[in-house]
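See below for the structure under consideration.
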Amino acid sequence: MPDDDTNTDGDEYMGHVHLTVPPGSKPLLARWLGKVDVGGAEECWPWTGARTSVGYGFLSVRTGDRKDNRKVTLQAHRVAYELFIGPIPDGLTIDHLCRNPNCVNPTHLEPVTMWENLMRGDTLTARKAAQTHCVHGHEFTPENTYVKANGCRLCKACARDRVREIKRRQRHSRSSTA
Ligand SMILES: [Zn+2]
Ligand SMILES: [Zn+2]
């Protein structure tokens, strides 16, 4: 049942996005922010940079210092997930809840494939499903909860805060690198 959504055009992916950032080059976050049309929490955020033939945004990142020209291509939505949500568990693919391959809104993305396994036991995911409040203490009321395709819940108050923070950083990174 692997979902091959993200395996496009032979893109290479290094695992997690915490790569060495060569001195003097723009950090990954700033580069990512410079190529995203950030909207509201429920809107799709189009990637304005390069895209694969099937519509996934990507960016190339150097893996070593300036003398070392090795680069990897990172998928923009996977970078979004890792920058704003957390490391993508090994072997999982990032699914677009909105079915829009060019969208990089972190709240529209989720890792899939091992879900059934996770729900069978007393795992972190199963415990999360039993929680009544998010990690920041907001209650999971129907009004304050997005229910994702896999049953996972997302706190709307936190999603809004996250979007506000992303917009703030984007403004900051634009004004400081202009
Ligand atoms: Zn979307
Ligand atoms: Zn919350």
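Values computed for the structure shown
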read-out	value
Potential extension, Thr132-Ala157 segment - 0.36 nm per residue separation minus Cα distance	7.6 nm
Gain on full stretching of the segment that runs from Glu43 to His172 - 0.36 nm per residue minus C-alpha separation	44.3 nm
Per-residue HN-Hα couplings for the stretch 157-170 [Karplus 6.51, -1.76, 1.60; θ = phi - 60°; Hz; x = Gly/Pro]	4, 5, 4, 5, 4, 5, 4, 4, 5, 4, 5, 5, 5, 5
Neighbour-count ranking [beta-carbon atoms within 10 angstrom, fewest first] of Leu109, Leu83	Leu83, Leu109
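None of the figures in this text is laboratory data; all of them are computed from the coordinates on show. Just so we're clear, the structure is a prediction, and the values are computed from it rather than from any experiment. Cβ: placed from backbone, ideal geometry, glycine included. Neighbour counts: every protein chain shown.
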